[in-house]
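Report on the structure given below.
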Amino acid sequence: MPAAIAALRANGLRVSTARRVVLEALFAAGGPATAEQLASGLDGRAPQSDLASMYRNLDTFEQLGLVRHVHFGHGAGRYVLSARSHGGYVACARCGAFDELEDGALDALRRAVRAHTSYEVGFTHFPVVGLCAGCVASDASRA
């Protein structure tokens, strides 16, 4: 948390109580969480916050590069500390489960897309979507 506070100050921003609460919630979450989950205090793991204040501060933190905004299919976006999120995500289109990938895990896919389209792609805002092992197994048992 000291590095995040230093980044706020380096950008001329006050380290207000509301901003500290948002940082505490992000650190307590340990991974991607919705603004609503963060504002609610994560089941007692962090202080509660006003939802509008949470969104304002998350937007500021995202602009500073402290936070990444990620979407896992339908539903609310999730926020994660940039320092805790590295290689991208995979998400299940059916049940909504998601997993973080290690750095470099999508490099072959990036190269394939570049070879076919000349696009440089990132998987930081949207995950690679498919079916998780549980949903695949469920389909196999029904067949």
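The values are calculated or read from the model by the stated rules, or taken from the named source; none is laboratory data. Note that the structure is a prediction, hence the values are computed from the model and not measured. Glycine gets a Cβ as well: all are built from the backbone with ideal geometry, and neighbour counts include every protein chain shown.
Just to be sure, is Glu36 among the charged types (D, E, K, R) and farther than 25 Å from Ala10 by Cβ?
yes
Does Gly73 satisfy the criteria of being under 22 Å from Leu131 (Cα atoms) and in contact with a strand residue (DSSP E or B) (Cβ under 7 Å, 6 or more places away or on another chain)?
Yes: the conditions hold for Gly73.
Looking at the structure I just gave you, is Arg20 out of contact with any His (no Cβ under 9 Å at 6 or more places or on another chain), part of a helix (DSSP H, G or I) and surrounded by 13 or more Cβ atoms within 10 Å (Cβ to Cβ)?
Against the criterion (out of contact with any His (no Cβ under 9 Å at 6 or more places or on another chain), part of a helix (DSSP H, G or I) and surrounded by 13 or more Cβ atoms within 10 Å (Cβ to Cβ)), Arg20 qualifies.
Going by what's in this entry, would Ala3 be described as more than 15 Å from Phe126 (Cβ to Cβ) and modelled with pLDDT of 90 or more?
No.
Give region 90-119 a look and list any residue that's surrounded by 11 or more Cβ atoms within 10 Å (Cβ to Cβ) and either in the same structural domain as Tyr55 (by TED's automatic domain parsing) or β-branched (Val, Ile, Thr) (or both), or say none.
Residues satisfying the conditions are Val90, Val113.
Could we say that Ala18 is in contact (Cβ under 8 Å) with a residue 12 or more places away in the chain, of a type in the set (Gly, Ala, Ser) and closer than 30 Å to Leu131 by Cα here?
No.
Return a yes/no flag: does region 48-62 have any residue that is closer than 30 Å to Gly104 by Cα, crowded, with 18+ Cβ neighbours inside 10 Å and outside the structural domain of Thr124 (by TED's automatic domain parsing).
Yes.
Six or more apart or on different chains, Cβ atoms under 7 Å: show the pairs whose first residue is in region 3-14 and within 15 Å of Gln63 (Cβ to Cβ) and touching a residue at least 12 places away in the same chain (Cβ under 8 Å) and whose second is not in a helix (DSSP H, G or I) and not polar (S, T, N, Q).
Filtered contacts from region 3-14: Ala4/Leu66; Ala7/Leu64; Ala7/Leu66; Leu8/Val15; Asn11/Leu64.
I'm trying to understand the selection: among the residues of region 104-141, which are assigned to a helix (DSSP H, G or I) and either closer than 25 Å to His74 by Cα or in contact (Cβ under 8 Å) with a residue 12 or more places away in the chain (or both)?
Scanning region 104-141 gives Leu109, Arg110, Val113, Ala133, Gly134, Cys135, Val136, Ala137, Ser138, Asp139, Ala140.
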